[in-house]
Amino acid sequence: MKKISISAVLMGCLFGMSGVADAAYPVYSGYQGQGQMVYMPTQTATQTTVNNGAVVYTNAVNAASPTRITGALPRVGSNTTNAGRQYYEPADYDRLADSGLYVGLSVGYSASVAGSMLADYMGEQNAFFVPGAFQEADFNSDTVIPLQLSVGAAINNDIRVDFSYLRYSGISYPSMVKSSDGVGGFVDAQVDGGAITSNVTMLNLYYNIDSYTGYLAGGILRPYVGVGVGMSLNTIADYVVYDNTFYSEMEPSVAGAGDLTGISDVYAYHNGGTMEQLAFMFEGGLTTELEGGIKMDFFVRYANLGKVQTSGSIIVSQTEWLGDGAGGEYPAPYDSVFHYTNWYESGRLNTVDLGIRLRLQF
C-alpha cells in the first residue's frame, strides 16, 4: 500500500511539471492546445482570451518602419544617432544629378562682340595710298547666333566633361574705316564685304556648385560653372575699301603736260584669310530638368576666339590725274594698279553670349 502511494505521488509530480511547462513556454503557431499561450508572428501583439481558455497574442497595430539613412555608419562606441544624410525616395533623390553619356545642342545670342581691325602696315612707306583701318575700327556685327553641338559624359554627380563644336557668324569687317590722308589726318573710307566666321572645337569641364549654394528656386535649378580650351579657325572673306578723296600731288598751274597732278577713286581689294588660333571660354549657368531625361542649361559665356587676319595681299586701283600743260588737268585714260604683299589687317574676337542648351542623357 505504501509503495502504491509513493508511486502515485511520483506520477502526479511528473504530470504536474509537464502541465506547468506547457503553460510557461510558447509553442509553434501551427499548434494550439487548451491552457497554452500562442505567439503569432507579428511586430506588436495584444492578449486575447478565447472560449477554450487559451491565450492568443495577435497583431494590433503595425509598428512604424525604422528611419532609413544613408552614408557611413558611426564608429563602434560612438554616440552618433544619425549617420550620413537624410534619406529620400528614389523618385526625389538628386533628380538633377548628371549621369552617363549625353549629347547637347545649344543656341545663343551674342550680347556683346568686342574687337576691332587695325592695319598692321600703317608704318610702311606710302601706306596711306592703301585705304584701310589705320585707326582701330570696331567690328560690324549683325545678329550673331552662335550654335554649339557637344558630346560628353558625367564623371560623377558634380563633374561632367564634353567635347564641343561651336560656330560664330554674322560678324564682318567694319562698314566704315578711317584711312590716313598722308599728311597726319584721316578720311572716311567705305567698306564692302569682309564677312567673318569662327569655327571652334573645345574640350570643356563643368562643375556643379550646388554643394556650396544649394538648389535654387525651390529645388528646380542647379547652378554650375564651366571652363573650356581649344582651337578656333577664324576666316575673313575678301573685301574692298573705297576712298573717294582727291589727293593733290602738284598744282596744275605749274605742271607740265602729262605730269601727275593727283589721284582719286582709290579702290583697295583685300584678300581675306584664315588663321588657326588658341581659344578659351568661361561659362556659368543654371540647370533644370524636362521630360524624357532632357536637361536644360541657361548660361552666360565669355569666349575669346583669338585673332582674325587677312592674307596680306592687297591690289590697289586708282584714277590718276595729269596736267595738260596749260594750267589744267584731266583723268588718265587708264587706271593705275599696284600689288602689295605682306600688308596685313587684323583684329581679335571676343564675345559674351546668352544661351540655352538642351542635353539628352543616356
* Residue satisfying condition, being outside any strand (DSSP E or B) and either in contact (Cβ under 8 Å) with a residue 24 or more places away in the chain or open to solvent by less than 30 Å² (accessible area, probe 1.4 Å) (or both), within set ALA303, ALA279, ALA268, ALA257 -> ALA257
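Across the stretch 306-322, what is the number of residues that are closer than 30 Å to LEU166 by Cα, open to solvent by less than 20 Å² (accessible area, probe 1.4 Å) and outside any loop (DSSP other than H, G, I, E, B)? Outline the logic, then answer.
Pass one, the stretch 306-322, residues closer than 30 Å to LEU166 by Cα: 306-313.
In the following step, the residues that additionally are open to solvent by less than 20 Å² (accessible area, probe 1.4 Å) were identified as 306, 308, 310, 312.
Within this subset, residues satisfying the condition of being outside any loop (DSSP other than H, G, I, E, B) are 306, 308.
Number satisfying all stated conditions: 2.
Please work out which residue is farthest from the chain's Cα centre (by Cα), limiting yourself to the stretch 210-234 and to residues that are closer than 22 Å to ILE171 by Cβ and open to solvent by 70 Å² or more (accessible area, probe 1.4 Å).
Start the filter on the stretch 210-234 by keeping residues that are closer than 22 Å to ILE171 by Cβ, which leaves 228-234.
Adding the requirement that they be open to solvent by 70 Å² or more (accessible area, probe 1.4 Å) leaves 229, 231, 233.
Values: VAL229: 12, MET231: 16, LEU233: 20 Å.
Filtering first and then ranking leaves LEU233.
Can you spot a residue in the stretch 203-216 that is touching a helix residue (DSSP H, G or I) at 6+ places or on another chain (Cβ under 9 Å) and not acidic (Asp, Glu)?
Step one: filter the stretch 203-216 for residues touching a helix residue (DSSP H, G or I) at 6+ places or on another chain (Cβ under 9 Å), giving 216.
Those left that are additionally not acidic (Asp, Glu): 216.
Checked against the condition, which is being touching a helix residue (DSSP H, G or I) at 6+ places or on another chain (Cβ under 9 Å) and not acidic (Asp, Glu), the stretch 203-216 yields at least one hit.
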* Structure fact -> Residue pairs qualifying under the 9 Å Cβ cut-off, at least six apart or on distinct chains, with the first in the stretch 178-196 being over 29 Å from PRO146 (Cβ atoms) and the second being surrounded by fewer than 18 Cβ atoms within 10 Å (Cβ to Cβ) and among the charged types (D, E, K, R), are LYS178/GLU136; LYS178/ASP188; SER179/ASP188; VAL187/ASP181
* Structure fact -> Taking the stretch 323-362 and the residues there that are among the aromatic types (Phe, Trp, Tyr) and not in a strand (DSSP E or B), the one that is surrounded by the most Cβ atoms within 10 Å (Cβ to Cβ) would be TRP343
* When only residues in the stretch 210-235 that are polar (S, T, N, Q) and in a strand (DSSP E or B) count, which is farthest from PHE299 (Cα to Cα)? -> THR235
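Look through LEU105, LEU149, LEU118 and report the one residue that is of a type outside the set (Val, Ile, Thr), touching a residue at least 60 places away in the same chain (Cβ under 8 Å) and open to solvent by 60 Å² or more (accessible area, probe 1.4 Å).
Details: LEU149 fails: touching a residue at least 60 places away in the same chain (Cβ under 8 Å); LEU118 fails: open to solvent by 60 Å² or more (accessible area, probe 1.4 Å).
Just a single option satisfies the conditions, and that option is LEU105.
Out of all the residues in the stretch 235-254, which are open to solvent by 60 Å² or more (accessible area, probe 1.4 Å), of a type outside the set (Ser, Thr, Tyr) and either at pLDDT 95 or above or within 14 Å of GLN318 (Cβ to Cβ) (or both)?
As a first pass, look at the stretch 235-254 and keep what is open to solvent by 60 Å² or more (accessible area, probe 1.4 Å): 238, 244, 246, 248-251, 253-254.
Among the residues that remain, those that are also of a type outside the set (Ser, Thr, Tyr) are: 238, 244, 246, 249-251, 254.
Selection gives ASP238, ASN244, PHE246, GLU249.
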* Residue list for the stretch 152-198, filter: among the polar types (S, T, N, Q) and either within 13 Å of the chain's Cα centre (by Cα) or open to solvent by 40 Å² or more (accessible area, probe 1.4 Å) (or both) -> ASN156, ASN157, SER164, SER169, SER175, GLN190
* Asked: Regarding TYR207, is this residue surrounded by fewer than 19 Cβ atoms within 10 Å (Cβ to Cβ), modelled with pLDDT of 90 or more and not in a strand (DSSP E or B)?
  -> no
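The values are calculated or read from the model by the stated rules, or taken from the named source; none is laboratory data. This structure is a prediction, so every number in the text was calculated from the model and none was measured. Neighbour counts are summed over all protein chains in view; Cβ atoms, including those assigned to glycine, are modelled from backbone coordinates with ideal geometry. Ligands, DNA and RNA are stripped out before the accessible areas are found, and what is left, the full protein with its side chains, is counted by its heavy atoms. Shrake-Rupley method; radii C 1.70, N 1.55, O 1.52, S 1.80 Å.
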